[in-house]
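A.B. asks: For reference, the structure I am asking about is given below.
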Amino acid sequence: MKNLFFILAVILTAQTVSLGQTPSEKSWTLIHERFATWCPYCGTWGWDLKENMLEEFKNDNVIFMSVDYSGDLTNPIAKEFDENFGGVGQPIFYVDGVNIAANASNGATKVAETRLEVDFKKDLPPFAALGLDATLNEETKTIDVKALVKYVQEVESGDYLLGLYLLEDVWANQASRTGLQLHKNVLVGSFLPNVFNNPIVSGKVNEGTEFNFSASLDNLSGKSTDYKVLGVIWTFNKKYLFHNGFITDVKLASSTKDVDTSNFNAYQDESGNIVVILDQDTDITNITEMMISDISGTIIKKISKNDINSKVLQISTNYVPGIHIITLNNGGIKTSKKVVLY
């Protein structure tokens, strides 16, 4: 797991100039899965339910997060998150922090029930709304986040807390599945000192009041396309309760490369090796990598920058004959080609 640490500056006073995005003044729904990479059920019915949830709610105000409480992808942030919501066994699916009691036989029913909850909330105004802006500086390997909390309604009393989290798409093993799998939106870090208890305001708040926050995570090794930043407004009553949230993609800082014209050709030679010919203007950097996967998406070969020492690559690997995908990832810009291997 990455060694993540923060450089933090938090502005706790109401301001007239917004640092973050314009807040989404909608009620969002948080779906999160408690899983473990060693858990066989997380790779069978749990995996299917996760994929169904992601597909069903991809156009809704819904946030999906994976929390590995015990396994290859776990970390102290995930463990503390798991302790707040509790539960025994895995996988467990929570909607706004409530265990929906999903199991191997009721997945379709639970998706339908969650749809009712999402549709009910979509026109229900929250007390507080959140906007985010996140950028990755490739040179310093730092993600900078600006968050704006806006009170959409007057609040007479109550403590409101902020969490800012880094989610990452991670290739890793999963019990019951063959080869590396893409685990989407895995909780890997917190931008703020506390996982939950970062105060926004206490007591009465007037409608329209805004609070700005900024924070950073350093020492990152992924690309901008691997990451998302999640913001959650929490309240507390015996445990931390979800009030509202927002999720955003991470964009490249304007000073770093955000356009790439890299291209390549690929074919199989008589020896069975895969030959990849990069365009002459392709800029090979320390974050350039190439992956070969089968048609199901399972990676069978990954080539790092250290192995890309020329514009013509001879790649030998074990494979089952059929269609394969070769992907060149150059600074977060991905180019893919299909190759039939015999």
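The values are calculated or read from the model by the stated rules, or taken from the named source; none is laboratory data. Everything quoted here is computed from the prediction, not taken from an experiment. Quick reminder, even Gly has a Cβ in these numbers, built from the backbone with ideal geometry, and neighbours come from all protein chains shown.
A.B. asks: Quick one: how many residues across the stretch 223-238 are among the aromatic types (F, W, Y) and surrounded by fewer than 23 Cβ atoms within 10 Å (Cβ to Cβ)? Reasoning before the result, please.
C.D. replies: So the first thing to find is which residues in the stretch 223-238 are among the aromatic types (F, W, Y), and the list is 227, 234, 236.
In the following step, the residues that additionally are surrounded by fewer than 23 Cβ atoms within 10 Å (Cβ to Cβ) were identified as 236.
Qualifying residue count for the region: 1.
A.B. asks: Being more than 30 Å from S293 (Cβ to Cβ), among the small types (G, A, S) and assigned by TED's automatic domain parsing to the domain that holds T135 narrows it down to one of S202, S176, so name that one.
C.D. replies: Matching residue, one of S202, S176: S202.
A.B. asks: Further question: Would you please name the residue that is nearest to K238 (Cα to Cα), looking only at residues in the stretch 149-165 that are in a strand (DSSP E or B) and either hydroxyl-bearing (S, T, Y) or touching a helix residue (DSSP H, G or I) at 6+ places or on another chain (Cβ under 6 Å) (or both)?
C.D. replies: Y160
A.B. asks: N309 versus (1) at pLDDT 70 or above; (2) over 23 Å from the mean Cα position of the chain (by Cα); (3) outside any strand (DSSP E or B): which is the lone unmet condition?
C.D. replies: So N309 meets the others, but not (1).
A.B. asks: Something else now. Do the conditions hold for K334, that is, is it basic (K, R), at pLDDT 80 or above and either farther than 30 Å from F64 by Cα or not in a loop (DSSP other than H, G, I, E, B) (or both)?
C.D. replies: Values: basic (K, R): yes; at pLDDT 80 or above: no; either farther than 30 Å from F64 by Cα or not in a loop (DSSP other than H, G, I, E, B) (or both): yes.
Criteria not met by K334.
A.B. asks: Checking the conditions here, which among D82, D96, D123 is at pLDDT 95 or above, over 19 Å from W45 (Cβ atoms) and of a type outside the set (A, V, I, L, M, F, W, C)?
C.D. replies: Numbers: D82 fails: at pLDDT 95 or above; D123 fails: at pLDDT 95 or above.
Selected residue: D96, the only one of D82, D96, D123 that is at pLDDT 95 or above, over 19 Å from W45 (Cβ atoms) and of a type outside the set (A, V, I, L, M, F, W, C).
A.B. asks: Here's a check for you: in the stretch 11-64, which residue that is at pLDDT below 95 and part of a strand (DSSP E or B) is surrounded by the fewest Cβ atoms within 10 Å (Cβ to Cβ)?
C.D. replies: Checked the stretch 11-64; the qualifying residue surrounded by the fewest Cβ atoms within 10 Å (Cβ to Cβ) is T13.
A.B. asks: Given (1) in contact with a Pro (Cβ under 9 Å, 6 or more places away or on another chain); (2) in contact (Cβ under 8 Å) with a residue 60 or more places away in the chain; (3) closer than 18 Å to S66 by Cβ; (4) hydrophobic (A, V, I, L, M, F, W, C), where does A102 come up short, assuming only one miss?
C.D. replies: Unmet for A102, out of (1) in contact with a Pro (Cβ under 9 Å, 6 or more places away or on another chain); (2) in contact (Cβ under 8 Å) with a residue 60 or more places away in the chain; (3) closer than 18 Å to S66 by Cβ; (4) hydrophobic (A, V, I, L, M, F, W, C): (2).
A.B. asks: For the stretch 65-118, which positions are surrounded by fewer than 20 Cβ atoms within 10 Å (Cβ to Cβ), among the hydrophobic types (A, V, I, L, M, F, W, C) and either in a loop (DSSP other than H, G, I, E, B) or within 17 Å of the chain's Cα centre (by Cα) (or both)?
C.D. replies: Matches in the stretch 65-118: I77, V88, I100, A101, A104.
A.B. asks: Among the numbered criteria (1) closer than 30 Å to A36 by Cα; (2) more than 21 Å from the chain's Cα centre (by Cα); (3) surrounded by 15 or more Cβ atoms within 10 Å (Cβ to Cβ), which one does E168 miss?
C.D. replies: With (1) closer than 30 Å to A36 by Cα; (2) more than 21 Å from the chain's Cα centre (by Cα); (3) surrounded by 15 or more Cβ atoms within 10 Å (Cβ to Cβ) applied to E168, the lone miss is (2).
A.B. asks: Oh, and also: If I filter the stretch 295-314 down to residues being touching a residue at least 40 places away in the same chain (Cβ under 8 Å) and out of contact with any Asp or Glu (no Cβ under 9 Å at 6 or more places or on another chain), which single residue comes out as surrounded by the fewest Cβ atoms within 10 Å (Cβ to Cβ)?
C.D. replies: G297
A.B. asks: So L241 ticks every box in (1) buried (at least 21 other Cβ atoms within 10 Å of the Cβ); (2) modelled with pLDDT of 95 or more but one. Which box is left unticked?
C.D. replies: Evaluating L241 over (1) buried (at least 21 other Cβ atoms within 10 Å of the Cβ); (2) modelled with pLDDT of 95 or more leaves (1) as the failure.
A.B. asks: Could I ask something else about it? If you scan the stretch 126-141, which residues turn out to be closer than 24 Å to L30 by Cβ and not in a strand (DSSP E or B)?
C.D. replies: P126, F127
A.B. asks: With the requirement that a residue be within 27 Å of L136 (Cα to Cα) and crowded, with 17+ Cβ neighbours inside 10 Å, what does the stretch 315-342 give you?
C.D. replies: I326, L328, N329, N330, G331, G332, I333, T335
A.B. asks: Hey, among the residues in the stretch 290-306 that are in a loop (DSSP other than H, G, I, E, B) and at pLDDT below 80, which one's nearest to D269 (Cα to Cα)?
C.D. replies: So the residue we want is I295.
A.B. asks: Taking the options L217, L192, name whichever one is hydrophobic (A, V, I, L, M, F, W, C), crowded, with 16+ Cβ neighbours inside 10 Å and not in a strand (DSSP E or B).
C.D. replies: L192
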